[in-house]
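Student: Before I ask anything, here is the structure I am working with.
The values are calculated or read from the model by the stated rules, or taken from the named source; none is laboratory data. The structure displayed is predicted, hence computed values, not measured ones. Glycine gets a Cβ as well: all are built from the backbone with ideal geometry, and neighbour counts include every protein chain shown. Side chains included, ligands, DNA and RNA excluded: accessible areas come from the protein's heavy atoms. Shrake-Rupley method; radii C 1.70, N 1.55, O 1.52, S 1.80 Å.
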Amino acid sequence: MTDSLSIRDNRTGRDYELEISDGTIRAADLKQITANEDDPGLATYDPGFVNTASCRSAITYIDGDAGVLEYRGYPIEQLAEQSSFLEVAYLLLHGELPNQAELDSWMHEVTFHTFLHENLKQFIEGFRYDAHPMGMLMASVSALSTFYPDAANIADPNVRQDQITRLIAKMPTLGAFVYRHQQGKPYVYPDNRLSYSANFLAMLFKMSEPTYQPDPRLVKALEVLLILHADHEQNCSTNAVRSVGSSQVDPYSAIAAGVGALYGPLHGGANEAVLRMLRRIGSPDNIPDFITGVKEGKEKLMGFGHRVYKNYDPRATIIKKACDDVFDVTGVNPLLKIAQELEKIALEDEYFVKRKLYPNVDFYSGLIYEALEFPPEMFTVLFAIGRTPGWLAQWSELVQDKDQKIARPKQIYTGARTREFVPIYRR
Ligand code: ACO
């Protein structure tokens, strides 16, 4: 065996040879390594799955050192420039770009599933005026499962496809409704004459005008942002979707878990922190002092650094360009100047160079969202809408993968053993 790993267990002196396949060993192969008869076998300890592959996947490829991101083999730069969000969603879900007839039919399907059951509107109305949009979104996505009980039949490919269409179609409607609820404004129903992103903007911002026609440059910028967020392989929220989906629950419940994971500040909330940081810096003159504070470990330069990318995050490059297009329409966000100067100084500074800290996707995205007049609490909702096709493609891959089992990690038990119960009067 050439692609193998030889292991000597120094506890017993026994030797083992484990197969290496795709740069991994199978964790279950370690179980044969035992110290004595009662030993259940060797396991690995890996909080946060920093070095554990949980699946085989053919959806998204990332090379963090080279700054490469590809969906189904297509570079993110080409997709952002030349395709639409629904085209990318089709690609992620089916593995191939659609031809014109397939795209037309897919766009029609999605467009005609955008309406929500009226009871769902009443459900959203039940939230307090100051409820966080992500809390409302998570609850209403999971509530969708009660409207489509057939969704539980995940073994049927047609049933799966119906729920995939519904979820991609209804996420913008849910996102817009929770926003309007928070603003105290009347809900705006979907307009099937508009494109996916134009319709979303209309549901968010339309007031008394008979038809809402957003600027095409803003529609394009939103499309690009949604494409950039559409998938990112086994990140925290995708892992949550796969983990919950592995119980064979319906996809609404699995996607609600993904929304919950994304809600956390370590995952979906960094762009809001970038805005707060830029506001605090206030002027390019204050940047040197700020950088000194970062280097002294007083705080982090938000929007810089990434667990996977040790190079420029390719999405940040694309977003930077989208910033210019948006600011052409909305006027320049004054914080842009500070961001650009901050980036320039940081990229030349030895502290950041040595640690391979480059701007990530969040460094500029908040500036665009703010220019589009989204309040900060809505930023993560936009992320969730963009990520929905990726979550669904990963869920779909999971339920068809014969290798997959219900997610059930091991633990290292550190508690007490087999104690005698003590009645309460004796404690
Ligand atoms: N500013 C200053 N120093 C930093 C930063 C930063 N933004 N990020 C990392 N470092 C430093 C660390 O202090 C550490 O320095 P040391 O070696 O002297 O101790 C070194 O760089 C390595 O950093 P780690 O924390 O080990 O890197 P890790 O991969 O665990 O963290 C993370 C990645 C969480 C993204 C981190 O870079 C960070 O906190 N960045 C700011 C927050 C942010 O922008 N998050 C968005 C990520 S993109 C997304 O989730 C969509």
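Student: Taking TYR74 and the conditions (1) surrounded by 12 or more Cβ atoms within 10 Å (Cβ to Cβ); (2) in contact (Cβ under 8 Å) with a residue 24 or more places away in the chain; (3) of a type in the set (Phe, Trp, Tyr), which numbered condition does it fall short on, given that it satisfies the others?
Tutor: (2)
Student: Could you tell me how many of the residues in segment 344-357 are open to solvent by less than 100 Å² (accessible area, probe 1.4 Å) and either hydrophobic (A, V, I, L, M, F, W, C) or within 10 Å of the ligand (Cβ to nearest atom) (or both)?
Tutor: Number of matching residues: 7.
Student: Could I ask something else about it? If a residue must be in a helix (DSSP H, G or I), among the aliphatic types (A, V, I, L, M) and within 22 Å of TRP106 (Cα to Cα), how many such residues does segment 125-165 contain?
Tutor: The qualifying residues number 5.
Student: If you scan segment 329-347, which residues turn out to be part of a helix (DSSP H, G or I), farther than 13 Å from ALA316 by Cβ and free of Cβ contacts under 8 Å to residues at least 12 places away in the same chain?
Tutor: Result: LYS344, single match.
Student: Just one of ARG419, ARG387 is at pLDDT 95 or above and away from the ligand (no atom under 16 Å from the Cβ); which is it?
Tutor: Exactly one of ARG419, ARG387 is at pLDDT 95 or above and away from the ligand (no atom under 16 Å from the Cβ), namely ARG419.
Student: Any idea which of (1) open to solvent by 60 Å² or more (accessible area, probe 1.4 Å); (2) of a type outside the set (Phe, Trp, Tyr); (3) within 21 Å of the chain's Cα centre (by Cα) is the one ALA257 doesn't satisfy?
Tutor: (1)
Student: Filter segment 135-161 for residues that are under 22 Å from the mean Cα position of the chain (by Cα) and surrounded by fewer than 17 Cβ atoms within 10 Å (Cβ to Cβ) and give the result.
Tutor: If the condition is that a residue be under 22 Å from the mean Cα position of the chain (by Cα) and surrounded by fewer than 17 Cβ atoms within 10 Å (Cβ to Cβ), then GLY135, GLN161 are the ones that fit.
Student: Looking only at segment 297-324, how many residues end up being more than 19 Å from the chain's Cα centre (by Cα) and near the ligand (Cβ under 6 Å from one of its atoms)?
Tutor: 2
Student: Report yes if SER246 is in contact with a Lys or Arg (Cβ under 8 Å, 6 or more places away or on another chain) and either among the small types (Gly, Ala, Ser) or open to solvent by 30 Å² or more (accessible area, probe 1.4 Å) (or both), otherwise no.
Tutor: Spelling it out, SER246 is indeed in contact with a Lys or Arg (Cβ under 8 Å, 6 or more places away or on another chain) and either among the small types (Gly, Ala, Ser) or open to solvent by 30 Å² or more (accessible area, probe 1.4 Å) (or both).
Student: Still on this structure, please answer the following. Scan segment 281-296 for residues that are near the ligand (Cβ under 9 Å from one of its atoms) and open to solvent by less than 60 Å² (accessible area, probe 1.4 Å) and report the count.
Tutor: 1
Student: How many residues does segment 46-56 hold that are outside any loop (DSSP other than H, G, I, E, B) and open to solvent by less than 100 Å² (accessible area, probe 1.4 Å)?
Tutor: 2
Student: Pull out all pairs, ordered by first then second residue, where Cβ-Cβ is under 7 Å, the residues are six or more apart or on different chains, the first lies in segment 201-223 and is surrounded by 15 or more Cβ atoms within 10 Å (Cβ to Cβ), and the second is acidic (Asp, Glu) and part of a loop (DSSP other than H, G, I, E, B).
Tutor: ALA202/ASP191
Every residue, every condition in (1) in the same structural domain as ILE318 (by TED's automatic domain parsing); (2) surrounded by fewer than 11 Cβ atoms within 10 Å (Cβ to Cβ); (3) touching an Asp or Glu at 6+ places or on another chain (Cβ under 8 Å), yes or no:
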residue: ILE7; (1), (2), (3): no, no, yes
residue: ASN10; (1), (2), (3): no, yes, no
residue: TYR16; (1), (2), (3): no, no, yes
residue: ILE20; (1), (2), (3): no, no, yes
residue: GLY23; (1), (2), (3): no, yes, no
residue: ARG26; (1), (2), (3): no, no, yes
residue: ILE33; (1), (2), (3): no, no, yes
residue: ASP39; (1), (2), (3): no, no, no
residue: GLY64; (1), (2), (3): yes, no, no
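Student: Determine whether segment 227-235 contains at least one residue that is buried (at least 16 other Cβ atoms within 10 Å of the Cβ), without any contact (Cβ under 8 Å) to a residue 40 or more places away in the chain and within 9 Å of the ligand (Cβ to nearest atom).
Tutor: Yes, that holds for at least one residue.
Student: If you don't mind, another one. Out of segment 1-58, which residues are among the hydroxyl-bearing types (Ser, Thr, Tyr) and either farther than 21 Å from GLN411 by Cα or within 35 Å of the chain's Cα centre (by Cα) (or both)?
Tutor: Matches in segment 1-58: THR2, SER4, SER6, THR12, TYR16, SER21, THR24, THR44, TYR45, THR52, SER54, SER57.
Student: What's the total number of residues in segment 359-379 that are within 10 Å of the ligand (Cβ to nearest atom) and not hydrophobic (A, V, I, L, M, F, W, C)?
Tutor: Number satisfying all stated conditions: 4.
Student: Which members of segment 266-280 meet the condition of being open to solvent by 40 Å² or more (accessible area, probe 1.4 Å) and more than 17 Å from HIS232 (Cβ to Cβ)?
Tutor: Passing the criteria: GLU272, ARG276, ARG279, ARG280.
Student: Also: From the list PHE200, PHE177, pick out the single residue that is in contact with a Pro (Cβ under 7 Å, 6 or more places away or on another chain), assigned to a helix (DSSP H, G or I) and among the hydrophobic types (A, V, I, L, M, F, W, C).
Tutor: Result: PHE200 is the single residue among PHE200, PHE177 that is in contact with a Pro (Cβ under 7 Å, 6 or more places away or on another chain), assigned to a helix (DSSP H, G or I) and among the hydrophobic types (A, V, I, L, M, F, W, C).
Student: What residue, of ALA28, ALA43, ALA35, is on the phi < 0 side of the Ramachandran plot, outside any strand (DSSP E or B) and touching a residue at least 60 places away in the same chain (Cβ under 8 Å)?
Tutor: The conditions single out ALA43.
Student: Cβ contacts < 8 Å: first residue in a loop (DSSP other than H, G, I, E, B), restricted to segment 292-307; second residue near the ligand (Cβ under 6 Å from one of its atoms) and among the basic types (Lys, Arg), any location; separation 6+ or different chain. Result?
Tutor: GLY305/ARG355
Student: Related question: Which residue, of SER253, SER243, SER247, is touching a Ser or Thr at 6+ places or on another chain (Cβ under 7 Å), assigned by TED's automatic domain parsing to the domain that holds VAL361 and more than 16 Å from the ligand (Cβ to nearest atom)?
Tutor: Every option except SER253 fails the conditions.
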